[in-house]
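See structure below.
The values are calculated or read from the model by the stated rules, or taken from the named source; none is laboratory data. Values in this document were obtained by computation on a predicted structure and should not be read as measured data. A quick note on method: Cβ atoms are made from the backbone with ideal geometry, for glycine too, and the neighbour counts reach across all protein chains shown. The protein model used for the area step is the full one, side chains on, heavy atoms only, and it has no ligands, DNA or RNA in it. Shrake-Rupley method; radii C 1.70, N 1.55, O 1.52, S 1.80 Å.
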Amino acid sequence: MAISFSKKPGLVMYLTAGDPDLATTRAMAIAAIDAGADVIELGVPFSDPLADGPVIQRASERAVARDTRLSDVLGICKEIRAARPGAGIIIFSYLNPVVRFGMEAFAKAAKDAGADGVLLTDMIVEEAGEYLRVMQENDLAPVFLAAPTSPDERLKAIAENSRGFVYAISRVGITGTQTELASDAEALVARLRKFTKLPIALGFGVSTAEQVKAVNTFADAAVVGSALVQLVEKTAAADAPAAVGEFVRSLKGAEGA
């Protein structure tokens, strides 16, 4: 398993695969890894991304318009794995594309592509029996989302069934940048620590070096998505890998380490 947050600040970076195109996605992921990202989340574009805010929704729409499919994302994953064997790579998707692909076929293909794990944003732990089975059979880490509103019983189930790391949501709602971290984010991480020794990454709204620094005082890593996707949206494709690398370096330098 290549998922590790051994150096602070821990950082998970999300990219919508296929935006602006697959080749640029590959180059941006490698640039992010080289700049210090611990884990890359490769987002599978979906036509109805209800959990995402407008920035990632637009990126998904652009990638879908380019006919980017789950199989294309797995192909990019394989290329990134070949280029950076030690990187952490997560396939981030809604359930629907995986169901269309076939759960068992997807798990085998993800393993073959070199993915470390999978996060299905609308897969709830209570209904994850088949999913957990195929993840285990293919040595893939299932990553579940834990929300501040979840009761302890549910957090316990999420923690016990996650592998690699647990993804804590800083607030309820859709993804997007925020000027301040939600006040209950630290409390959620503390609640999760009662049930797991896995690393805990905090996302939804983390967008600046200062926020990454703050998150890493109580969690093991920060997840940055919308801020990175917005940077990609505003940058010419030819310049995007360099811009991504510079952004990640600025986030990793938040603690001066």
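Here the Debye sum runs over all C-alpha atoms of the range 59-153 as equal scatterers in vacuum, and log10 of I(q)/I(0) at q = 0.10, 0.12 Å⁻¹ comes out as -0.28, -0.40. Once Rh is set to the Kirkwood radius over Cα pairs, what Stokes-Einstein translational diffusion coefficient, in µm²/s, holds for the chain at a temperature of 4 °C and a viscosity of 1.567 mPa s? Stokes-Einstein gives a translational diffusion coefficient of 73 µm²/s.
Legend: residue pairs K8/K156; K7/K197; K8/K197, Cα-Cα distance threshold 22 Å; pairs beyond threshold, K8/K156.
The lysines within cross-link reach of K108, meaning a Cα-to-Cα straight distance under 22 Å and a gap of 8 or more places when in the same chain, are K78.
Backbone amide hydrogens, once placed in the peptide plane, bring T208 within less than 5 Å of nothing, excluding anything fewer than 5 places away on its chain. Here the sum of -39500 (n - 2.57) over DSSP H runs of 4 or more residues, divided by the residues of the chain, equals -13000 deg cm²/dmol at 222 nm, to the nearest 500.
So if I take the centroid of the Cα atoms in the range 41-120 and the same for the range 6-36, what is the distance between those two points in Å? Between the Cα centre of the range 41-120 and that of the range 6-36, the gap is 13 Å. Across the alpha-carbon set of the range 120-170, the Rg to Rh ratio works out to 0.95, Rh being the Kirkwood radius. Close amide-amide hydrogen proximity is noted between E41 and M13, Y14, L15, I90, each under 5 Å apart and 5 or more residues distant or on a separate chain (H modeled in the peptide plane; Pro and chain starts excluded). Can you list the residues of the range 22-57 with backbone N under 17 Å from a point 7 Å past the Cα of E127, pointing along Cα to Cβ? So the set is 48-51.
Note on K234: lysines with a C-alpha under 26 Å away, same-chain residues under 8 apart excluded, are K213, K252. Coupling constants for the range 84-97 follow from the phi torsions by the Karplus curve (6.51 cos²θ - 1.76 cosθ + 1.60, θ = phi - 60°), and in residue order they are 9, x, x, 6, x, 10, 10, 8, 10, 8, 7, 5, 4, x Hz; glycine and proline get x. Taking only the C-alpha atoms of the range 15-104, Rg followed by Dmax gives 12.5, 35 Å. Surface composition of the chain: carbon and sulfur atoms hold 51% of the protein heavy-atom accessible area at a 1.4 Å probe.
Proximity of backbone amide H atoms, modeled 1.01 Å from N, is registered between V118 and I91, A141, V143 at under 5 Å, excluding neighbours fewer than 5 places apart on the same chain.
Students often check this: by mean Cβ neighbours within 10 Å, which of 136-142, 215-221 ranks highest, and how do the rest follow?
Numbers: 136-142: 17.1, 215-221: 22.3.
Peptide ranking by packing, descending: 215-221, 136-142.
Given their separation in residues at 0.36 nm each and the Cα-Cα distance between them, D239 and T217 gain 4.6 nm when the chain is fully extended.
Residues of the range 218-257 falling in the label zone of K8, defined by backbone nitrogen less than 13 Å from a point 7 Å along Cα to beta-carbon, are 218-222, 254-257.
The alpha-carbon of K194 sits under 18 angstrom from the alpha-carbons of these aspartates and glutamates, leaving out residues fewer than 8 places away in its chain: D152, E153, E160, D184, E186, D220.
On a per residue basis, the chain carries 41 Å² of accessible surface, using protein heavy atoms and a 1.4 Å probe.
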